[in-house]
Amino acid sequence: MVERKTKTNFSIRGFLEKRASFVMTAPAVTFMTIMIIFPIGFTLYIMFFRWSGGVTNPPKFIGLNNFLNLFKDARFANALVVTLYITAVGLLLQTVLGTAIALLLNESFVGRKIIRAFLLLPMMATWVATALVWRWMMYPKLGVLNFFLEKVGLPRLLWLSGNATVVPSIIMIDTWQWTPLIIVIVLAGLQSLPREPYESAKIDGAHGWQILFRITLPMLRPVIVTAMVLRTVDLIKTFDVIMSASQGGPRFRSENLNIYIYNTGLFYFRIGYSGALLLVYFLIILGVTYFLSRQRGEISF
């Protein structure tokens with residue numbers, strides 16, 4: 001009897017030891033799974049209903065009407081254009097500036113480490129604080145930017161208050177804050193490149209621009225595309241900067257899809273319609289990410 005008890009206890013102990021990691025992490029994994037699946041499932045369900053969020057007014061099934069209304073919604077079309085505009089122009093500026101600055105910082109010169117540290121400061125600031133500071137700087141009457149424009153003989157700009165300047169102003173704020181991320185990623189890629197192709201190119205008599213466009217940039221392509229994917233997703237999801245700087249105004253000129261979905265669901269209480277908007281929003285992010293990933297060579301089908 002004693003030997004049988006010992007064997008039984010030993011087997012139970014071994015069983016628990018082998019599965020300890022699963023047992024200890026199961027509550028957290030279960031909680032996170034529920035927190036992810038429930039919102040997705042509810043969104044997929046509610047997008048086929050008309051519901052204002054009230055308890056006394058239950059959801060009413062309307063089929064695909066929420067999706068059909070997208071084609072008649074002028075604010076949705078405007079938000080889509082603003083989203084694509086911010087994403088395309090912001091990504092182009094940040095990629096070009098970030099890559100160029102990273103190439104410069106990869107060279108040896110006095111004060112390089114200090115400049116690197118200084119360039120990382122914008123990325124460390126919170127989005128809301130950054131947007132508010134820039135909002136004060138862009139104030140049409142007393143802003144410091146218009147003060148400097150007048151000093152060099154240029155006219156004042158409305159910046160965040162102008163219909164034509166609000167979106168470029170937001171792109172400028174985002175570019176100032178997040179170009180350092182491109183710099184860090186590309187600089188890390190530059191420092192990991194092999195030296196053999198450069199030595200062979202110098203032996204063959206290649207000069208600086210030839211080395212840059214035929215060796216450095218082609219080898220950096222996966223790194224640059226990875227940085228572009230990260231920034232593309234963030235640019236499409238831009239929320240804090242717009243909400244803090246312009247609230248989507250003036251006259252919805254800076255209202256992107258994220259801001260429009262937020263207003264539709266939480267301020268206009270069109271819960272079902274906001275669910276349809278979320279699905280379209282997700283498909284746009286998925287499509288852009290898929291395209292950029294194919295450029296990197298990660299997806300082969």
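The values are calculated or read from the model by the stated rules, or taken from the named source; none is laboratory data. The shown structure was predicted, so the numbers you read here are calculated from the model rather than taken from an experiment. Cβ: placed from backbone, ideal geometry, glycine included. Neighbour counts: every protein chain shown.
Here are some notes:
- Of all residues making up the stretch 243-269, the number that are in contact with a Gly (Cβ under 9 Å, 6 or more places away or on another chain), at pLDDT below 95 and surrounded by 21 or more Cβ atoms within 10 Å (Cβ to Cβ): 0
- Taken as a whole, the structure leaves A79 outside the set of residues that are free of Cβ contacts under 8 Å to residues at least 24 places away in the same chain and in a helix (DSSP H, G or I).
- For the stretch 48-65, the tally of residues that are modelled with pLDDT under 95 and in a helix (DSSP H, G or I) stands at 0.
- Restricting W136, W176, W159 to those that are within 27 Å of L235 (Cα to Cα), of a type in the set (F, W, Y) and touching a residue at least 40 places away in the same chain (Cβ under 8 Å) reduces the list to W176.
- Residue match in the stretch 50-58 (condition: outside the structural domain of G189 (by TED's automatic domain parsing) and surrounded by 16 or more Cβ atoms within 10 Å (Cβ to Cβ)): yes
- Residue among S244, S200, S293, S254 that is among the polar types (S, T, N, Q), more than 14 Å from the chain's Cα centre (by Cα) and under 18 Å from L84 (Cβ atoms): S254
- Candidates are the residues of the stretch 109-126 that are in a helix (DSSP H, G or I) and among the aliphatic types (A, V, I, L, M); the one that is farthest from P180 (Cα to Cα) is I114.
- Single residue of the stretch 89-132 satisfying the filter (of a type in the set (F, W, Y) and either touching a Cys at 6+ places or on another chain (Cβ under 6 Å) or free of Cβ contacts under 8 Å to residues at least 60 places away in the same chain (or both)) that is surrounded by the fewest Cβ atoms within 10 Å (Cβ to Cβ): F109
- In the stretch 65-87, the residues that are loosely packed, with under 14 Cβ neighbours inside 10 Å and hydrophobic (A, V, I, L, M, F, W, C): L68, F71, A74, A77, V81
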